[in-house]
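Worksheet: one structure, shown below.
Every read-out reported here was derived from the displayed coordinates using simple, explicitly stated rules and does not represent laboratory data. These figures come from a predicted structure and were not determined experimentally. So basically every Cβ, Gly included, is an ideal-geometry build from the backbone, and we count neighbours across all protein chains shown.
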Amino acid sequence: MFLIVNKYLLRKRFVGVTLWPFIVMRTPDLKEDIVFINHEKIHIRQQAEMLVLPFFIWYVIEYFIRLIQYRDNYVAYLNISFEREAYARECELSYLENRPFWSFLAYL
């Protein structure tokens, strides 16, 4: 995992994004935000277990399904299974130690 600070790589409303094996964040203070980092580490695990490219294909397809379902960009994003798992478990700092394989499926 590599941490990169670069506000120009992100759209204005994003504070961070994970592109295996990188976590890109808008500001350097996010390096110290353990909840943010844990959230992004969960995405790194999700991407690795899906061999990266299938993760992004699934992510985009599920986003469009949720967009049709909820008719709101942000609500669609929050209801993507990968995001639901990451947000639900981001405060559990030891979550990744015992996380079962493909746990995001429980959040579909």
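Based on other C-beta atoms within 10 Å, arrange Trp20, Trp58, Trp102 from fewest to most. Don't skip to the end; give the middle numbers.
Numbers: Trp20 19, Trp58 16, Trp102 10.
The fewest-first ordering by Cβ neighbours comes to Trp102, Trp58, Trp20.
Given that compact globular proteins tend to follow 2.2 N^0.38 Å, what is the ratio of the alpha-carbon Rg of the chain to that value?
Relative to the rule-of-thumb radius for its length, the chain sits at 1.04.
By DSSP, what percent of the beta bridges with both residues in the stretch 2-107 are antiparallel, rounded to the nearest 5?
Rounded to the nearest five, the antiparallel share is 50 percent.
As I understand it, the dipole of the stretch 1-105 uses +1 on the Cβ of Lys and Arg and -1 on the Cβ of Asp and Glu, about the Cα centre. Which of Val35, Phe14, Ala88 lies farthest toward its positive end?
Of the listed residues, the answer is Phe14.
Can you list the GluC sites (Glu not before Pro) in the stretch 15-108 that are in a DSSP coil and have 14 or fewer other beta carbons within 10 angstrom?
Details: sites: Glu32, Glu40, Glu49, Glu62, Glu83, Glu85, Glu90, Glu92, Glu97; in loops: Glu90, Glu92.
Those that pass, being in a loop and sparsely packed, are Glu92.
Find me the longest stretch of the chain that has none of the exposed trypsin sites (Lys or Arg not before Pro), where exposed means in a DSSP loop (not H, G, I, E or B) with at most 16 other Cβ atoms within 10 Å.
The longest such stretch corresponds to 14-70.
Place a +1 charge on the Cβ of each Lys and Arg in the chain and a -1 charge on the Cβ of each Asp and Glu, then give the dipole magnitude about the Cα centre in debye, rounded to the nearest 20.
400
Report relative contact order for the chain in percent, whole number only (criteria: Cα-Cα under 8 Å, sequence separation at least 6).
It rounds to 21 percent for the chain.
Stretched out fully, how many nm does the piece from Tyr107 to Thr27 gain, at 0.36 nm a residue minus the Cα gap?
25.8 nm
How high is the FRET efficiency between Glu92 and Ala48 when r is their beta carbon distance and R₀ equals 25 Å, given to the nearest 0.05?
0.85
Among Tyr87, Tyr59, Tyr74, which one moves the most in a GNM of the chain with springs linking Cα atoms closer than 10 Å?
Tyr74
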